[in-house]
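Taking it in order: structure first as structure tokens, then the write-up.
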């Protein structure tokens, strides 16, 4: 007798299961058919891939069922399939989207035999050197299986070594370690394998992840097919690389936390800057010794542009000019390529900002416009009463041309996908700009092999240059006053990335920040190597303004958005939703109860046509 089973087809627009029969010849094939197995079926004369979601499903009466065409290979295990169902609700997406991420990129005919999850002996010698804060972190993260155990936040300086946390995790049993970049993951995998630990690099070693003692991966690694976990560690949990910019806007950190909760595993969220999202749902915060945390930050020099002589020019203050003439490798960051909207008083140099949100005002025809409320007021300085303002206009290309004349050495531009000559060879502004957007497979030389060089670019330069003697932010006010609720968090993340380029305080490296807001809490926190006060104030501000994580947002756009909003407004949860818009053809839905909002999004019927629903997006 043929077995009936439910199959979810790999077609996000459908997002429903269909019942198929499993022929006897496929049931006894080389790949055992279980929940998660990848199969091929015919639906409406189309041959589609799909995942088995239920075995021995009930057969509808009076209906002739089609048979599965073929069994493709091993797919996500049962607990990952169930996790995808939760993620589809959490981020208003479809299960097919998440199961694609959780599936291997090539056919897998079978999995290796699972090894014992007992801790390896490779760390017997190193465990004696584990610092107290690492042991305390795991002592504070001991949930019970199936409970609502909360993760523990571990705050480390940007140049601190994460190795003790990884060692402690693996001593507890099978572990999943997530990092934001593939290069970081590759280094960690190499170090673990050198220590004799069976390690899989997810998703590249998809099949090996099912039996490895350690699974290391980037965002997609949160869906690795490993068995029951004993420990989960997310390094640099604040990093934007963990969150998908495309809808559904899922975050690997939250997936890892949910996975640890279901397995009853210890869960640690580590990094130099605990995000407000992480702090909203943690059991405790563990920090290293104050002296150690301070040592893991480089020296930060804040250059107040209001004190500079106006003759120094628009973009280059006295401190920056001195740095550019030095002999070291200097990386300059300017996050604009064209005209900026910032305006500052020509008399006293104060930046024009909103009274309520602190964000930069837009100067248009001698009037200021608030980017949040849209309020308009005359362009008058609130500090000195002057009516003349200057804009910051120069982008990377213009600054590079002037910088080369000032520094009297070659300047390399890095914008987006540009490939800098990290050896310091003269490419010149024109040559570098011509290559912007081009890809290069040439590997950058190691830091000790680099000759002193001068780089300028958008924040991409912080990811392309392996090391530097100094990092200079030419216009940091653009980051601090960006019209986004996460502006301060993003600005602090840039300082963290710059700190790793120049090294700890004991080295010669330093960070220079040009600003007209020298007392901004973000800069104070970085200068003191302690983000505690700023994070506390940031959480309070977001709570007062009903911003995530205090409130849950969903941005709805697309051709089908008006119909979807109408269905939401007529739904059972409409009274608990704050629906605003449209602004630029985008609606914002807000609720102080996350479950209510997500239930409403899941229950509302989706009209045909393009529809984008972004839950708690990064750029909002």
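The values are calculated or read from the model by the stated rules, or taken from the named source; none is laboratory data. Since this is a predicted model, take the numbers as computed values, not measurements. Every residue, glycine as well, gets a Cβ built from its backbone with ideal geometry; the counts of neighbours run over all protein chains shown.
When 554, 525 are screened for being crowded, with 21+ Cβ neighbours inside 10 Å, under 29 Å from residue 93 (Cα atoms) and under 22 Å from the mean Cα position of the chain (by Cα), only 554 passes. The number of residues in the stretch 182-237 that are under 19 Å from the mean Cα position of the chain (by Cα), surrounded by fewer than 24 Cβ atoms within 10 Å (Cβ to Cβ) and not in a helix (DSSP H, G or I) comes to 3. Scanning the stretch 15-41 for residues that are touching a residue at least 12 places away in the same chain (Cβ under 8 Å) and assigned to a loop (DSSP other than H, G, I, E, B) returns 15, 23, 29, 30, 31, 33, 34, 35, 36, 37. crowded, with 20+ Cβ neighbours inside 10 Å and within 26 Å of residue 542 (Cβ to Cβ): does that describe residue 298? Criteria not met by residue 298. In the set 551, 532, 591, only one residue is closer than 30 Å to residue 304 by Cβ and touching a helix residue (DSSP H, G or I) at 6+ places or on another chain (Cβ under 9 Å); that residue is 532. For the stretch 588-609, does any single residue satisfy the condition of being in a helix (DSSP H, G or I) and modelled with pLDDT under 90? For the stretch 588-609, residues in a helix (DSSP H, G or I) and modelled with pLDDT under 90: absent.
From the list 256, 303, 278, 270, the one residue that fits, being closer than 30 Å to residue 99 by Cα, in contact with a helix residue (DSSP H, G or I) (Cβ under 9 Å, 6 or more places away or on another chain), assigned to a strand (DSSP E or B) and touching a residue at least 40 places away in the same chain (Cβ under 8 Å), is 270. Residues in the stretch 532-583 that are in contact (Cβ under 8 Å) with a residue 60 or more places away in the chain and in contact with a strand residue (DSSP E or B) (Cβ under 6 Å, 6 or more places away or on another chain): 4 in all.
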